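Quick one: this structure, given as structure tokens, is what I'll be asking you about.
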Amino acid sequence: MAQRPASKSRRTRQTDADAPVPVPRSLSALKAEAADCRRCPLYRNATQTVFGEGPARAAVMFVGEQPGDQEDLAGRPFVGPAGKLFDKALAESGIERERVYVTNAVKHFKNEPRGKRRLHKKPNTSEIDACRWWLDREFALIKPRLTVALGATAARAVLGRNVTISKERGKPLPLDNGGTAFITVHPSFLLRMPDPEVRRREYARFVADLRQIAEQVTNNRRAA
Ligand code: SF4
């Protein structure tokens, strides 16, 4: 198990995701394997597996929830409206997207067809835990020093337990592989806010969280 804080829940949960994770040959080999994944039912209703992307030695890994409609069609993570907001926030916080690895906790788009539209559906716990098979292998290969969980689904995947974002947001959480996790909101949470003033305020908080990450990366580089 590459990422998860030492905790009581770790000792009590025994799934195949707890088995030692063999280090895959490369990200491209892992991506090719994931393309045929049938570990949970979500592949049935999606176009393709949307795997993570970014440098194989990235110091920072961002983990989102799952691909959305546009990501599902493009086969790339964070390219839809939430991805555009994420890019803007990264740029404002001084983080270059090309230097970080971006992935999702769940790699198929869970949706419910409604006429010509496909409505987003939140992945459940068993789907998140099934897809951790792939996330664990991304961790094993990349070994990020910082892992940023965007929202509750990502936090569950990274920490292996349910998390209340408001309680644990912005705190460095040590992981058992020596890395550190940070939790913040998912950019789609900001897009769903109906009140423009509240949305502006929450966006500023999100950028402040990312600045904290950028600062941590700089401190790690100085210490290395
Ligand atoms: S969501 Fe994850 S575990 Fe489920 S089929 Fe897709 S890649 Fe496999």
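Between segment 209-224 and segment 29-51, what's the alpha-carbon centroid distance in Å?
After rounding, the separation between the Cα centres reads 33 Å.
Along the charge dipole of the chain, pointing to its positive end and built from +1/-1 on Cβ of Lys, Arg, Asp and Glu, which listed residue (N177, T49, F78) has its Cα farthest out?
N177
Here is a follow-up. With no solvent and one equal point scatterer placed on each C-alpha of the chain, evaluate the Debye formula and give log10 I(q)/I(0) for q = 0.07, 0.13, 0.14 Å⁻¹, two decimals.
Log10 I(q)/I(0), no solvent term: -0.20, -0.72, -0.84.
Out of the DSSP beta bridges found with both residues in segment 98-224, what percent are antiparallel (nearest 5)?
Just about 55 percent of them are antiparallel.
Check cross-link reach from K31 to the lysines: straight Cα distance under 24 Å, and skip same-chain residues fewer than eight apart.
K84, K107, K110, K121, K122, K143
Let me ask something else. Only Cα pairs under 8 Å and at least 6 apart count here; give the relative contact order of segment 91-209 as a rounded whole percent. Provide the component values of the computation, followed by the final result.
Working: 118 pairs, mean separation 23.9, N = 119.
Across segment 91-209, relative contact order equals 20 percent.
Measure out, as a whole number of angstrom, how far apart the alpha-carbon centroids of segment 95-156 and segment 178-196 sit.
When both Cα centres are located, 13 Å separates them.
Let me ask something else about it. Sorted by mean Cβ packing within 10 Å, highest first, what order do the peptides 71-84, 110-123, 141-154 take? Kindly include the intermediate steps, with their values, before the conclusion.
On the way: 71-84: 19.6, 110-123: 13.1, 141-154: 23.9.
For the peptides 71-84, 110-123, 141-154, the packing ranking is 141-154, 71-84, 110-123.
Another question, if that's okay. Students often check this: by mean Cβ neighbours within 10 Å, which of 36-48, 127-139, 176-188 ranks highest, and how do the rest follow?
Sorting 36-48, 127-139, 176-188 by mean packing, highest first, produces 127-139, 176-188, 36-48.
Rank A59, V23, P113 by how far each Cα sits towards the positive end of the charge dipole of the chain (+1 on Lys, Arg Cβ; -1 on Asp, Glu Cβ) and give me just the farthest.
P113
Bear in mind these aren't lab numbers, they're just calculated from the coordinates by the rules spelled out. Remember, it's a predicted structure, so these values are computed and weren't measured experimentally. Every residue, glycine among them, receives a Cβ derived from its backbone with ideal geometry; neighbour counts consider all protein chains shown.
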